[in-house]
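*Asks:* Handing you this structure, nothing more for now.
The values are calculated or read from the model by the stated rules, or taken from the named source; none is laboratory data. A quick note: this is a predicted structure, and the numbers were derived from the prediction, not measured. Every residue, glycine as well, gets a Cβ built from its backbone with ideal geometry; the counts of neighbours run over all protein chains shown. All accessible areas refer to the heavy atoms of the entire protein, side chains included, with ligands and DNA or RNA removed. Shrake-Rupley method; radii C 1.70, N 1.55, O 1.52, S 1.80 Å.
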Amino acid sequence: MSEQLIEVVDQAGIVTLTINRPKALNALNSAVLTELDRLLGELQAREGLRAVLITGAGEKAFVAGADIAEMRDKTPEEARCFARQALATFKRLETLPVPTVALVNGFCLGGGCELALACDWAVASDNAIFGQPEVLLGVIPGFGGTQRLPRRVGPSMALDLCTTGRKVDAAEALRIGLVNRVMAQSELPAYVEELTKQLGGNGPAAVRAAKQAIHDGMDQDLESALALETSLFALCFAGDEQPEGMSAFVDKRKPNF
Ligand code: CAA
(Lines give C-alpha, C1' and ligand atoms only; values in the text may rest on other atoms or scores of the structure.)
Protein backbone atom coordinates (compact mmCIF):
# COMPACT_ATOMS: atom_id res chain seq x y z
CA MET A 1 0.00 0.00 0.00
CA SER A 2 1.27 3.52 -0.81
CA GLU A 3 1.95 6.27 1.70
CA GLN A 4 -1.43 7.98 1.16
CA LEU A 5 -3.33 8.62 4.39
CA ILE A 6 -6.49 7.43 2.68
CA GLU A 7 -6.52 5.03 -0.26
CA VAL A 8 -9.24 5.53 -2.87
CA VAL A 9 -10.57 2.75 -5.12
CA ASP A 10 -13.41 3.39 -7.54
CA GLN A 11 -15.23 0.34 -8.88
CA ALA A 12 -18.09 1.39 -11.16
CA GLY A 13 -19.07 4.32 -8.95
CA ILE A 14 -18.70 2.34 -5.71
CA VAL A 15 -15.87 4.23 -4.03
CA THR A 16 -13.91 2.58 -1.21
CA LEU A 17 -11.95 4.84 1.13
CA THR A 18 -9.33 3.01 3.21
CA ILE A 19 -7.93 4.83 6.24
CA ASN A 20 -4.24 4.03 5.94
CA ARG A 21 -2.31 4.37 9.23
CA PRO A 22 -2.06 0.68 10.13
CA LYS A 23 0.90 1.20 12.49
CA ALA A 24 -1.35 3.40 14.68
CA LEU A 25 -4.35 1.11 14.09
CA ASN A 26 -5.68 3.78 11.69
CA ALA A 27 -6.25 6.28 14.52
CA LEU A 28 -7.82 9.51 13.34
CA ASN A 29 -5.46 12.48 13.64
CA SER A 30 -6.01 15.96 12.19
CA ALA A 31 -4.20 15.07 8.96
CA VAL A 32 -6.45 12.05 8.31
CA LEU A 33 -9.58 14.06 9.11
CA THR A 34 -8.47 16.86 6.76
CA GLU A 35 -7.82 14.38 3.96
CA LEU A 36 -11.12 12.57 4.57
CA ASP A 37 -12.95 15.89 4.44
CA ARG A 38 -11.25 16.82 1.15
CA LEU A 39 -12.11 13.47 -0.44
CA LEU A 40 -15.72 13.60 0.74
CA GLY A 41 -16.00 17.14 -0.68
CA GLU A 42 -14.89 15.81 -4.06
CA LEU A 43 -17.31 12.88 -3.85
CA GLN A 44 -20.26 15.17 -3.04
CA ALA A 45 -20.03 16.58 -6.56
CA ARG A 46 -19.02 13.36 -8.30
CA GLU A 47 -21.32 12.28 -11.12
CA GLY A 48 -22.09 8.57 -11.32
CA LEU A 49 -21.37 7.99 -7.64
CA ARG A 50 -23.33 4.94 -6.39
CA ALA A 51 -22.03 4.30 -2.89
CA VAL A 52 -19.13 5.05 -0.56
CA LEU A 53 -17.53 2.34 1.55
CA ILE A 54 -15.13 3.09 4.40
CA THR A 55 -12.63 0.64 5.83
CA GLY A 56 -9.24 0.48 7.56
CA ALA A 57 -5.89 -0.72 6.24
CA GLY A 58 -4.50 -3.98 7.59
CA GLU A 59 -6.24 -6.87 9.26
CA LYS A 60 -6.23 -5.58 12.81
CA ALA A 61 -8.27 -2.41 12.84
CA PHE A 62 -10.98 -0.42 11.17
CA VAL A 63 -10.10 2.65 13.27
CA ALA A 64 -8.97 2.38 16.93
CA GLY A 65 -10.20 5.87 17.78
CA ALA A 66 -9.13 9.46 17.65
CA ASP A 67 -5.35 9.80 17.93
CA ILE A 68 -4.67 9.77 21.68
CA ALA A 69 -1.06 10.92 21.34
CA GLU A 70 -2.21 13.97 19.36
CA MET A 71 -5.05 14.72 21.81
CA ARG A 72 -3.06 14.31 25.02
CA ASP A 73 -1.79 17.89 25.34
CA LYS A 74 -4.78 19.71 23.88
CA THR A 75 -6.36 22.64 25.74
CA PRO A 76 -10.16 22.68 26.07
CA GLU A 77 -10.35 25.11 23.14
CA GLU A 78 -8.11 22.93 20.96
CA ALA A 79 -10.21 19.89 21.90
CA ARG A 80 -13.35 21.79 20.86
CA CYS A 81 -11.77 22.62 17.47
CA PHE A 82 -10.65 19.00 16.96
CA ALA A 83 -14.14 17.69 17.74
CA ARG A 84 -15.75 20.28 15.47
CA GLN A 85 -13.42 19.30 12.64
CA ALA A 86 -14.44 15.64 12.99
CA LEU A 87 -18.14 16.45 13.37
CA ALA A 88 -18.11 18.55 10.18
CA THR A 89 -16.38 15.77 8.25
CA PHE A 90 -18.72 13.07 9.62
CA LYS A 91 -21.70 15.28 8.70
CA ARG A 92 -20.37 15.48 5.14
CA LEU A 93 -20.17 11.68 5.12
CA GLU A 94 -23.64 11.26 6.61
CA THR A 95 -25.23 13.61 4.09
CA LEU A 96 -23.65 12.19 0.96
CA PRO A 97 -26.58 11.52 -1.38
CA VAL A 98 -25.65 7.84 -1.85
CA PRO A 99 -25.51 4.89 0.57
CA THR A 100 -22.43 4.84 2.80
CA VAL A 101 -21.23 1.62 4.43
CA ALA A 102 -18.58 0.96 7.08
CA LEU A 103 -16.64 -2.25 6.43
CA VAL A 104 -15.41 -2.91 9.97
CA ASN A 105 -12.35 -5.14 9.78
CA GLY A 106 -11.11 -5.28 13.39
CA PHE A 107 -10.92 -2.72 16.23
CA CYS A 108 -13.63 -0.10 15.92
CA LEU A 109 -13.23 2.01 19.02
CA GLY A 110 -13.99 5.57 20.10
CA GLY A 111 -13.77 7.86 17.07
CA GLY A 112 -13.70 4.72 14.89
CA CYS A 113 -17.07 3.59 16.20
CA GLU A 114 -18.31 7.16 15.69
CA LEU A 115 -17.06 7.06 12.08
CA ALA A 116 -18.95 3.79 11.53
CA LEU A 117 -22.06 5.36 13.09
CA ALA A 118 -21.88 8.25 10.62
CA CYS A 119 -22.25 5.67 7.82
CA ASP A 120 -25.71 4.44 6.76
CA TRP A 121 -24.95 0.93 7.88
CA ALA A 122 -22.03 -1.24 8.92
CA VAL A 123 -20.91 -4.78 8.22
CA ALA A 124 -18.29 -6.36 10.44
CA SER A 125 -15.68 -9.08 10.24
CA ASP A 126 -16.20 -11.74 12.90
CA ASN A 127 -13.07 -10.54 14.75
CA ALA A 128 -14.33 -6.94 15.00
CA ILE A 129 -14.37 -5.27 18.42
CA PHE A 130 -16.53 -2.22 19.07
CA GLY A 131 -16.65 0.24 21.93
CA GLN A 132 -16.74 3.78 23.21
CA PRO A 133 -13.90 3.49 25.75
CA GLU A 134 -13.38 7.25 26.19
CA VAL A 135 -14.25 7.19 29.92
CA LEU A 136 -11.18 4.99 30.43
CA LEU A 137 -9.18 8.00 29.21
CA GLY A 138 -11.06 10.52 31.31
CA VAL A 139 -13.16 11.94 28.47
CA ILE A 140 -16.43 11.22 26.67
CA PRO A 141 -17.04 10.48 22.97
CA GLY A 142 -16.45 13.70 21.06
CA PHE A 143 -17.07 12.74 17.44
CA GLY A 144 -20.84 12.23 17.75
CA GLY A 145 -20.99 8.99 19.75
CA THR A 146 -23.24 10.21 22.53
CA GLN A 147 -25.83 11.23 19.93
CA ARG A 148 -25.56 8.76 17.03
CA LEU A 149 -25.03 5.66 19.21
CA PRO A 150 -28.37 6.01 21.10
CA ARG A 151 -30.11 6.66 17.80
CA ARG A 152 -28.66 3.36 16.46
CA VAL A 153 -28.89 1.05 19.49
CA GLY A 154 -31.24 2.90 21.89
CA PRO A 155 -30.35 5.15 24.85
CA SER A 156 -30.08 2.37 27.43
CA MET A 157 -27.49 0.36 25.49
CA ALA A 158 -25.65 3.57 24.54
CA LEU A 159 -25.47 4.51 28.23
CA ASP A 160 -24.16 1.04 29.06
CA LEU A 161 -21.41 1.33 26.43
CA CYS A 162 -20.45 4.99 27.02
CA THR A 163 -20.33 4.81 30.83
CA THR A 164 -18.64 1.41 31.26
CA GLY A 165 -16.40 1.72 28.20
CA ARG A 166 -16.78 -2.04 27.76
CA LYS A 167 -15.95 -3.67 24.44
CA VAL A 168 -18.50 -5.48 22.31
CA ASP A 169 -17.68 -8.36 19.97
CA ALA A 170 -19.15 -8.74 16.48
CA ALA A 171 -21.91 -11.14 17.61
CA GLU A 172 -23.16 -8.65 20.23
CA ALA A 173 -22.79 -5.75 17.79
CA LEU A 174 -25.11 -7.63 15.45
CA ARG A 175 -27.57 -8.43 18.24
CA ILE A 176 -27.86 -4.82 19.41
CA GLY A 177 -28.19 -3.45 15.86
CA LEU A 178 -24.83 -1.70 15.73
CA VAL A 179 -24.02 -3.64 12.54
CA ASN A 180 -26.24 -5.18 9.87
CA ARG A 181 -24.16 -8.25 9.04
CA VAL A 182 -21.15 -10.20 10.30
CA MET A 183 -18.85 -12.22 8.07
CA ALA A 184 -15.34 -13.66 8.02
CA GLN A 185 -12.73 -11.01 7.26
CA SER A 186 -11.85 -12.88 4.06
CA GLU A 187 -15.46 -12.47 2.90
CA LEU A 188 -15.44 -8.64 2.99
CA PRO A 189 -14.15 -8.27 -0.62
CA ALA A 190 -16.96 -10.60 -1.82
CA TYR A 191 -19.46 -8.41 0.06
CA VAL A 192 -18.16 -5.37 -1.83
CA GLU A 193 -18.65 -7.29 -5.10
CA GLU A 194 -22.19 -8.24 -4.06
CA LEU A 195 -23.01 -4.65 -3.10
CA THR A 196 -21.52 -3.35 -6.34
CA LYS A 197 -23.81 -5.70 -8.29
CA GLN A 198 -26.89 -4.91 -6.20
CA LEU A 199 -26.53 -1.13 -6.14
CA GLY A 200 -25.18 -1.06 -9.72
CA GLY A 201 -28.34 -2.79 -10.92
CA ASN A 202 -30.78 -0.43 -9.18
CA GLY A 203 -32.02 2.93 -10.42
CA PRO A 204 -29.47 5.44 -9.06
CA ALA A 205 -32.02 8.25 -8.65
CA ALA A 206 -34.37 5.89 -6.80
CA VAL A 207 -31.56 4.80 -4.46
CA ARG A 208 -30.76 8.45 -3.69
CA ALA A 209 -34.45 9.21 -3.13
CA ALA A 210 -34.77 6.28 -0.71
CA LYS A 211 -31.82 7.60 1.30
CA GLN A 212 -33.19 11.14 1.27
CA ALA A 213 -36.64 9.99 2.43
CA ILE A 214 -35.23 8.01 5.34
CA HIS A 215 -32.61 10.55 6.45
CA ASP A 216 -34.73 13.68 6.13
CA GLY A 217 -37.86 11.92 7.41
CA MET A 218 -36.15 10.76 10.61
CA ASP A 219 -35.83 14.41 11.68
CA GLN A 220 -39.56 15.11 11.18
CA ASP A 221 -42.84 14.08 12.77
CA LEU A 222 -44.48 11.07 11.11
CA GLU A 223 -47.10 13.03 9.19
CA SER A 224 -44.56 15.42 7.64
CA ALA A 225 -42.19 12.54 6.93
CA LEU A 226 -44.92 10.58 5.13
CA ALA A 227 -45.70 13.69 3.06
CA LEU A 228 -42.00 13.86 2.16
CA GLU A 229 -42.13 10.20 1.09
CA THR A 230 -45.16 10.90 -1.11
CA SER A 231 -43.39 13.83 -2.81
CA LEU A 232 -40.27 11.77 -3.50
CA PHE A 233 -42.36 8.78 -4.66
CA ALA A 234 -44.22 11.02 -7.12
CA LEU A 235 -40.95 12.58 -8.27
CA CYS A 236 -39.72 9.13 -9.28
CA PHE A 237 -42.50 9.08 -11.90
CA ALA A 238 -41.06 12.24 -13.47
CA GLY A 239 -37.71 10.61 -14.29
CA ASP A 240 -36.70 7.98 -16.83
CA GLU A 241 -35.99 5.19 -14.31
CA GLN A 242 -39.63 4.40 -13.42
CA PRO A 243 -40.82 3.80 -17.03
CA GLU A 244 -37.74 1.63 -17.68
CA GLY A 245 -38.03 -0.30 -14.40
CA MET A 246 -41.73 -1.04 -14.72
CA SER A 247 -41.59 -1.78 -18.48
CA ALA A 248 -38.72 -4.19 -17.85
CA PHE A 249 -40.83 -6.02 -15.25
CA VAL A 250 -43.82 -6.27 -17.61
CA ASP A 251 -41.57 -7.31 -20.55
CA LYS A 252 -39.81 -9.92 -18.34
CA ARG A 253 -36.33 -8.49 -18.92
CA LYS A 254 -33.68 -6.82 -16.78
CA PRO A 255 -34.01 -3.02 -16.47
CA ASN A 256 -31.25 -0.90 -17.94
CA PHE A 257 -30.78 2.07 -15.63
N1 CAA B 1 -4.47 6.70 19.10
C2 CAA B 1 -3.16 6.68 18.85
N3 CAA B 1 -2.43 5.55 18.70
C4 CAA B 1 -3.09 4.40 18.84
C5 CAA B 1 -4.47 4.34 19.10
C6 CAA B 1 -5.17 5.56 19.23
N7 CAA B 1 -6.49 5.63 19.45
N8 CAA B 1 -4.85 3.04 19.20
C9 CAA B 1 -3.73 2.31 18.98
N10 CAA B 1 -2.67 3.13 18.76
C11 CAA B 1 -1.28 2.75 18.49
C12 CAA B 1 -0.58 2.28 19.76
O13 CAA B 1 -0.11 3.37 20.50
C14 CAA B 1 0.54 1.43 19.17
O15 CAA B 1 1.53 2.28 18.70
P16 CAA B 1 3.12 1.90 18.98
O17 CAA B 1 3.31 0.61 18.21
O18 CAA B 1 3.85 3.05 18.38
O19 CAA B 1 3.27 1.72 20.45
C20 CAA B 1 -0.12 0.80 17.95
O21 CAA B 1 -1.25 1.62 17.63
C22 CAA B 1 -0.64 -0.60 18.19
O23 CAA B 1 -1.47 -0.57 19.32
P24 CAA B 1 -1.25 -1.55 20.58
O25 CAA B 1 0.18 -1.91 20.73
O26 CAA B 1 -1.91 -0.91 21.76
O27 CAA B 1 -2.06 -2.82 20.08
P28 CAA B 1 -2.81 -3.92 20.99
O29 CAA B 1 -3.21 -5.01 20.05
O30 CAA B 1 -2.02 -4.25 22.18
O31 CAA B 1 -4.14 -3.15 21.49
C32 CAA B 1 -6.10 -1.78 21.26
C33 CAA B 1 -5.12 -2.75 20.57
C34 CAA B 1 -6.91 -2.55 22.31
C35 CAA B 1 -7.03 -1.24 20.16
C36 CAA B 1 -5.30 -0.64 21.93
O37 CAA B 1 -4.40 -0.10 20.97
C38 CAA B 1 -6.16 0.48 22.43
O39 CAA B 1 -6.78 0.35 23.49
N40 CAA B 1 -6.21 1.61 21.69
C41 CAA B 1 -6.94 2.78 22.13
C42 CAA B 1 -8.43 2.61 21.91
C43 CAA B 1 -9.16 3.84 22.44
O44 CAA B 1 -9.12 4.16 23.62
N45 CAA B 1 -9.85 4.54 21.53
C46 CAA B 1 -10.59 5.74 21.88
C47 CAA B 1 -9.72 6.93 21.64
S48 CAA B 1 -10.41 8.41 22.31
C49 CAA B 1 -11.52 8.89 21.15
O50 CAA B 1 -11.70 8.31 20.10
C51 CAA B 1 -12.26 10.14 21.55
C52 CAA B 1 -13.30 10.60 20.64
O53 CAA B 1 -14.45 10.19 20.65
C54 CAA B 1 -13.00 11.72 19.80
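*Asks:* Along the charge dipole of the chain, Cβ charges K/R +1 and D/E -1, which of 144, 250, 230 sits furthest on the positive end?
*Replies:* 144
*Asks:* On to the next question. Return the single residue from 26, 105, 202 with maximal mean-square fluctuation; model: Gaussian network over the chain, springs between Cα atoms under 10 Å.
*Replies:* Of 26, 105, 202, the most mobile in the Gaussian network model is 202.
*Asks:* On full extension of the chain, what length is gained from residue 233 through residue 135, given 0.36 nm per residue of separation minus the C-alpha to C-alpha distance?
*Replies:* Gain on extension, residue 233 to residue 135, equals 30.8 nm.
*Asks:* Cα gyration tensor of segment 1-81, axes a ≥ b ≥ c as square roots of the eigenvalues: rounded (a/c below 1.5), prolate (a/b > b/c) or oblate?
*Replies:* Since a/c reaches 1.5 but b/c is at least a/b, the shape of segment 1-81 is classed as oblate.
*Asks:* Given only helices, namely DSSP H runs of n ≥ 4 each adding -39500 (n - 2.57), what is the per-residue ellipticity at 222 nm of the chain, to the nearest 500 deg cm²/dmol?
*Replies:* -14500 deg cm²/dmol
*Asks:* To the nearest 0.05, what FRET efficiency results for residue 184 and residue 8 with a Förster distance of 41 Å applied to their C-beta separation?
*Replies:* The pair residue 184/residue 8 has a calculated efficiency of 0.95.
*Asks:* Shifting gears a bit: Looking only at segment 193-221, which residues have a backbone nitrogen under 16 Å from a spot 7 Å from the Cα of residue 254 in the C-beta direction?
*Replies:* So the set is 193-204.
*Asks:* Keeping the other protein chains in place, figure out the carbon and sulfur percent of the accessible area of segment 193-257, with a 1.4 Å probe.
*Replies:* On segment 193-257, the fraction of accessible area on carbon and sulfur atoms equals 61 percent.
*Asks:* Quick one: accessible area per residue over segment 81-210, 1.4 Å probe, rounded to a whole number of Å²? Walk me through the numbers on the way to the answer.
*Replies:* Working: 5370 Å² over 130 residues.
That works out to 41 Å² for each residue.
*Asks:* Could you work out how far helix 30-44 tilts from the main Cα principal axis of the chain, as a 0 to 90 degree angle to the nearest 10?
*Replies:* On a 0 to 90 degree scale, this one is about 10.
*Asks:* Compute the separation of the alpha-carbon centres of segment 15-46 and segment 204-257 and state it in Å as a whole number.
*Replies:* 31 Å
*Asks:* So, one more: Based on the mean of other beta carbon atoms within 10 Å per residue, what is the order of 69-77, 189-197, most packed first? The partial results should precede the final answer.
*Replies:* Values: 69-77: 10.7, 189-197: 14.3.
Packing order, densest peptide first, comes out as 189-197, 69-77.
*Asks:* Would you work out the charge dipole size for segment 1-78 about its Cα centre, treating the Cβ of every Lys and Arg as +1 and the Cβ of every Asp and Glu as -1, and quote it to the nearest 20 debye?
*Replies:* For this selection, approximately 240 debye.
*Asks:* Once you compute Rg and the Kirkwood Rh from C-alpha atoms, what is the Rg to Rh ratio for the chain?
*Replies:* In the chain, Rg relative to Rh is 0.99.
*Asks:* Considering only protein heavy atoms and a probe of 1.4 Å, how much of the accessible area of segment 1-74 is carbon and sulfur, as a whole percent?
*Replies:* 51 percent
*Asks:* On to the next question. If you fit an axis through the alpha-carbon atoms of helix 222-236 and take the longest principal axis of the Cα set of the chain, what angle between them do you get, 0 to 90°, nearest 10?
*Replies:* With both axes taken from Cα atoms, the answer is about 50 degrees.
*Asks:* Quick one: Karplus J couplings for segment 129-137, per residue in order, coefficients 6.51, -1.76, 1.60, θ = phi - 60°, nearest Hz, x for Gly and Pro?
*Replies:* Along segment 129-137, the couplings run 10, 10, x, 10, x, 4, 4, 5, 9 Hz.
*Asks:* A further question follows. Compute the Cα gyration tensor for segment 104-257, then decide on rounded, prolate or oblate, letting a ≥ b ≥ c be the square roots of its eigenvalues: rounded whenever a/c is under 1.5, prolate when a/b is larger than b/c in the other cases, and oblate in all that remain.
*Replies:* Values: a/c = 3.45, a/b = 1.68, b/c = 2.05.
Cα axes put segment 104-257 in the oblate bin.
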